[in-house]
Amino acid sequence: MKTFSKIYIALMLVFLYAPVAVMIFFSFNSGASVWIFDEFSIEWYEGILFDTAMMEGLKHTLIVAVLSASIATVLGTAASVGILALRKKISRSFATTVTNIPMMNADIVTGVSLMLLFVFFGRIIGLSESLGFLTVLIAHITFNLPYVILSVIPKLKQTDKNLHEAALDLGCTPVQAFFKVIIPSIKTGIFTGFIMSFTLSLDDFVISYFTCGHYQTLPVVIYNMTKKTVKPDVYALSTLVFVVIFVLLILYNTVQTKSEQRRNSRV
Amino acid sequence: MNKKSFGNRLIAAPYLVWAAIFVIVPLLMMAYFAFTDNSGAFTLSNMAQIGKYRKAFGVSVLYALAATVITLLISYPMAYFMTKMKVSSQRMIMIIVMLPMWMNFLIRTYSWISILANTGIINTFLKWIGLKPLHLINTPGAVILGMVYDFVPYMILPIYSVMSKIDNSLLEAAADLGSNAFSRLRRVIIPLSMPGVISGITMVFVPSVSTFYISQKLGGNKNWLIGDAIEYLFGAGPEYYNVASAISLILMILILLCLAVMNRFSSDDEGGVII
Amino acid sequence: MFKKITALFLLAAIICTALSGCGYEYADDLELSREYSREFAGSELNVYNWGEYISDGSDDMLDVNREFEKLTGIHVNYTTFESNESMYSQLKSGGVSYDIIIPSDYMIERLKNEDMLTKIDVSSLKNYGYIYDEYKNLFYDENNEYSVPYNVGMVGIIYNPTLIGEPEQSWRTLWDEKYRDMSLNFSNPRDGFMTAQMILGQDLNTTNKSDWKAAADLLKEGKDVLQSYVMDEIYGKMETGEAAIGPYYAGDYLTMLDNNEDLKFFYPKEGTNIFVDAICVPKSVKHLDAAMLYIDFLLEPRIALDNAEYIGYASPNRAVVENPDYYYYGNEILYPQPQDTPPVQYYHDIDPEIRKYYENLWIDLKLY
């Protein structure tokens, strides 16, 4: 049984990583093909720097991801506190519905419906150009918000209400109490929400595709590139992104493990 | 006291306003487009055209179902075996499973072409060992494979996270009461992991049924899935926005129906966010 | 932890921004036939062009957009489309605005008819004289008020003789059972219909619905044999031998030939489509003066030469065609002698009702 489970896990990992391996392998191809290998070369890595479209796309993606994740985190954390305080059944079920819709709906429906909204209003107020940085940012905030709320609310439910009231009794203003008592106790939830938003935003293609206009994010740039001949440079860039994320995740993991060990040893 | 909770309630307001404008209004806008013509007059003709797309709907649902079932079948044992590992290795393997999700999904799909193509890696290998090449790319199988591959982490993770929370003492109790490994799986583990399974199914089925990239790249771009049709029509000019909106609306309703049916199978309401 | 990660992301963003400026080495000997003022420095020019349709600095050629940016200080925001129809859709939706677009003849006619183009004064272009007269005053722009020719070309069939030998020189080969799963066809309606219309001997601009229906039926018949409907994906498929035969634009064949020397090309005996892709300025233009500078820059002999060599299409620019150092100088595929030229037809803009009719036939073709 033990060996069977090991073989099974290994096979799944082979399945999960076969395309990744192909990508890394062909990013070192000296030829222009991504499925016939000539010779080893790193010329495509040098070539990435030449590629203004890719670099601009990367820049746009990072800007949108950082901004949308930050805004969604602030707005979503506030919303979580507020939603839990809602008394009326109808307002609660409204909050539940609008939080569920972007998560349940297909990306393509979210994308086209937002595009229709932006284009329609752009036309009404007579804009010559209705899609761009602002619309793609709005779209990303919109689909990030539910994930922030989803990670903050469970933490809020776990916090001890008495702490908050104790803080008030000891003379904190409600705002002080919020920042000194509630925020620290839901910190991990906020952090998870931010990271999830950031990831989703970084990886989103479908919704950006319909809402970005000229402000093309990296996935949209890559989509346009795969409509032409895909050259190993796209793979080289993805390999770099992959390596960076891999290192970040490993770092995050070791830091977390260490802090847990520290906590455990203190106990 | 009352004042305080009123203040708390107020800070939900920005979000609720935001969601009303950017979640509810766009959907109403889509419905408006679906029931009007280019000049803005009410019409049912867009809906009447849907009949033409019924096969595309049918095939999309069929492919997505196949992909969901296969994903579930391969993910469930994976999640189960993961929970049996040492706790420290579990976190590592979680990261390893999640990592491909961080890669651009277009690239992940595209590199399958390199593997499956007639001149691709598998066929080159088969020719090299003297076997007949296989026709892999541009087949329904390739499209379903693409769906399974792209969304499999979304199935493994929720099942794993639910399973890893199952209390070991429950299993021990079941064993003490004389149930064997199989019946422990059937009577304890599977029922308790259902919430994870349901959310995994949702997270795989919805993107599969609405995808518009996988079928173009791996399926030969000869027959559209419904997502391809929506993408094409929105790209074909504003005169097609109305019929494209009608199709999107139907797709949304179809997905919500599927989710509702799925939720009826789950014992509790873990399908959505509980606020 | 949170701060650290945010800092890392910011750092990554800064590095990317810094890096995106370097890499390309500017030409130090760029000879130009006029002065380019820097009075619009700092403004942004949105250029919307076909994919693989401008020299981008690879293979030691000029990066046309970067050179223009260096010269004028105008930032070029360059995006690409894959068919006239998708370009039209973007423009019409009002979602985005452009200063420069490069559509084909029939699409220019349509844009003009729908009042979506800005008039341009070609006499203010110092390099307009390089354009051959035969590409002026064409049907889509009889008075040269809206467009400046960029490239010309014809559609033909590319094939790989090592895989399929010598096929019959006809559009029929795309329907041939012998090449099952090895043949390709266009994934845009106008060119796709053309392949069938040529077999049926139709006028490409027929307004007879039954003609379009007959062509659609023929396409449907051939669908099963095809490997795939493609646009620029054909490069990869032909170069690697994934596909063996498919129709595309003559200039692109020459580019593919650089990567796979086995490939061959013919113009089918039934005749083919000839097209002119020309530079236009849409109504939504924000910087007309900067756009005019850009157009003149594209007509510069040195720039047009690098573009013609990179793109591989036939050039309407005499400074290129008559330059003996031009890589494709006298190339018989791009510039065939009159006796070798197949019968050709232009696409024209078609009555909206007929257009909608054939567009819907095309949708039917792609549905199960």
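Need at least 3 residues that are touching a Gly at 6+ places or on another chain (Cβ under 9 Å) and not assigned by TED's automatic domain parsing to the domain that holds residue C:251 per element, so show me which helices (runs of 4 or more DSSP H) inside region C:23-133 make the cut, counting only ones lying wholly within it.
Helices (runs of 4 or more DSSP H) meeting the threshold: C:64-72, C:84-93.
Looking at region C:59-79, is at least one residue in contact (Cβ under 8 Å) with a residue 60 or more places away in the chain and of a type in the set (Gly, Ala, Ser)?
no
Which one of A:136, A:112, A:98 is in contact with a helix residue (DSSP H, G or I) (Cβ under 7 Å, 6 or more places away or on another chain), more than 8 Å from every other protein chain (Cβ to nearest Cβ) and modelled with pLDDT of 90 or more?
After applying the criteria, what remains is A:136.
When you go through (1) in contact with a strand residue (DSSP E or B) (Cβ under 6 Å, 6 or more places away or on another chain); (2) assigned to a helix (DSSP H, G or I) one by one for residue C:155, which number turns out not to apply?
(2)
Would you confirm whether or not region B:132-144 contains a residue that is outside any loop (DSSP other than H, G, I, E, B), crowded, with 21+ Cβ neighbours inside 10 Å and either out of contact with any Ser or Thr (no Cβ under 8 Å at 6 or more places or on another chain) or without any contact (Cβ under 8 Å) to a residue 60 or more places away in the chain (or both)?
Checking region B:132-144: at least one residue is outside any loop (DSSP other than H, G, I, E, B), crowded, with 21+ Cβ neighbours inside 10 Å and either out of contact with any Ser or Thr (no Cβ under 8 Å at 6 or more places or on another chain) or without any contact (Cβ under 8 Å) to a residue 60 or more places away in the chain (or both).
Can you tell me which of C:283, C:264 is more than 23 Å from residue C:131 (Cα to Cα), charged (D, E, K, R), in the same structural domain as residue C:182 (by TED's automatic domain parsing) and in contact with a strand residue (DSSP E or B) (Cβ under 8 Å, 6 or more places away or on another chain)?
C:264
Failed condition for residue B:188, given (1) at pLDDT below 90; (2) more than 8 Å from chain A (Cβ to nearest Cβ); (3) assigned to a loop (DSSP other than H, G, I, E, B), with all others met?
With respect to (1) at pLDDT below 90; (2) more than 8 Å from chain A (Cβ to nearest Cβ); (3) assigned to a loop (DSSP other than H, G, I, E, B), residue B:188 is out only on (3).
Of all residues in region C:217-238 being in a helix (DSSP H, G or I) and of a type in the set (A, V, I, L, M, F, W, C), which is farthest from the chain's Cα centre (by Cα)?
This residue is C:218.
In region A:50-95, which residues are surrounded by fewer than 16 Cβ atoms within 10 Å (Cβ to Cβ) and either among the polar types (S, T, N, Q) or more than 9 Å from chain B (Cβ to nearest Cβ) (or both)?
Passing the criteria: A:67, A:74, A:88, A:89, A:90, A:91, A:93.
Being polar (S, T, N, Q) and within 22 Å of residue A:32 (Cα to Cα) is the filter here, so list the residues in region C:239-283 that pass it.
Matches in region C:239-283: C:240, C:255, C:259, C:260.
Which condition breaks for residue A:238 when tested against (1) touching a residue at least 40 places away in the same chain (Cβ under 8 Å); (2) out of contact with any strand residue (DSSP E or B) (no Cβ under 8 Å at 6 or more places or on another chain); (3) within 13 Å of chain C (Cβ to nearest Cβ)?
(3)
Conditions first: (1) at the interface with chain C (Cβ under 10 Å from one of its Cβ atoms); (2) more than 18 Å from the chain's Cα centre (by Cα). Residue A:185 passes all but one, so which condition is the exception?
(1)
Output the residue which, of all residues in region A:30-49 that are of a type in the set (Val, Ile, Thr) and under 24 Å from residue B:120 (Cβ atoms), is farthest from the other protein chains (Cβ to nearest Cβ).
A:42
With the structure loaded, tell me whether residue A:199 is polar (S, T, N, Q) and either crowded, with 24+ Cβ neighbours inside 10 Å or within 21 Å of residue B:217 (Cα to Cα) (or both) or whether it fails that test.
Criteria not met by residue A:199.
Identify, from the list C:214, C:196, the residue that is among the hydrophobic types (A, V, I, L, M, F, W, C), in a helix (DSSP H, G or I), modelled with pLDDT of 95 or more and surrounded by 21 or more Cβ atoms within 10 Å (Cβ to Cβ).
C:196
Given the criterion more than 22 Å from residue C:280 (Cβ to Cβ), surrounded by fewer than 21 Cβ atoms within 10 Å (Cβ to Cβ) and in contact (Cβ under 8 Å) with a residue 24 or more places away in the chain, identify the matching residue among C:322, C:309, C:332, C:353.
Result of the check over C:322, C:309, C:332, C:353: C:309.
Residue by residue through region A:167-182, note down the ones that are within 13 Å of chain B (Cβ to nearest Cβ), out of contact with any Leu (no Cβ under 8 Å at 6 or more places or on another chain) and either surrounded by 13 or more Cβ atoms within 10 Å (Cβ to Cβ) or not hydrophobic (A, V, I, L, M, F, W, C) (or both).
The answer is A:167, A:168, A:169, A:172, A:173, A:176, A:178.
Which pairs have Cβ atoms under 9 Å, sit 6 or more apart or on different chains, and link a residue in region A:84-95 that is closer than 13 Å to residue B:19 by Cβ to one that is of a type outside the set (A, V, I, L, M)?
A:91/B:9; A:95/A:82; A:95/B:15
Kindly indicate whether any position in region A:145-164 is closer than 22 Å to residue A:195 by Cα, of a type in the set (Phe, Trp, Tyr) and surrounded by 11 or more Cβ atoms within 10 Å (Cβ to Cβ).
Looking through region A:145-164, at least one residue is closer than 22 Å to residue A:195 by Cα, of a type in the set (Phe, Trp, Tyr) and surrounded by 11 or more Cβ atoms within 10 Å (Cβ to Cβ).
Of all residues in region B:62-117, count the ones that are aromatic (Phe, Trp, Tyr) and either outside any helix (DSSP H, G or I) or without any contact (Cβ under 8 Å) to a residue 12 or more places away in the chain (or both).
Matching residues across region B:62-117 total 2.
Using the structure shown, decide if residue C:298 is modelled with pLDDT of 95 or more, on the phi < 0 side of the Ramachandran plot and not assigned by TED's automatic domain parsing to the domain that holds residue C:269.
yes
Answer yes or no as to whether residue A:216 is in the same structural domain as residue A:161 (by TED's automatic domain parsing), in a loop (DSSP other than H, G, I, E, B) and surrounded by fewer than 24 Cβ atoms within 10 Å (Cβ to Cβ).
Yes, satisfied.
Counting only residues that are at the interface with chain C (Cβ under 9 Å from one of its Cβ atoms) and touching an Asp or Glu at 6+ places or on another chain (Cβ under 7 Å), which one in region A:194-235 is modelled with the highest pLDDT?
For region A:194-235, the residue satisfying everything is A:213.
Just give me the residues in region C:239-280 being in a helix (DSSP H, G or I) and either closer than 16 Å to residue C:156 by Cβ or in contact (Cβ under 8 Å) with a residue 60 or more places away in the chain (or both), in sequence order.
C:250, C:251, C:252, C:253, C:254, C:255, C:256, C:257
The values are calculated or read from the model by the stated rules, or taken from the named source; none is laboratory data. On a predicted model such as this, the values are computed, not experimentally measured, just so you know. Ideal geometry is used to build each Cβ from the backbone, glycine not excepted, and the neighbour counts take in all protein chains shown.
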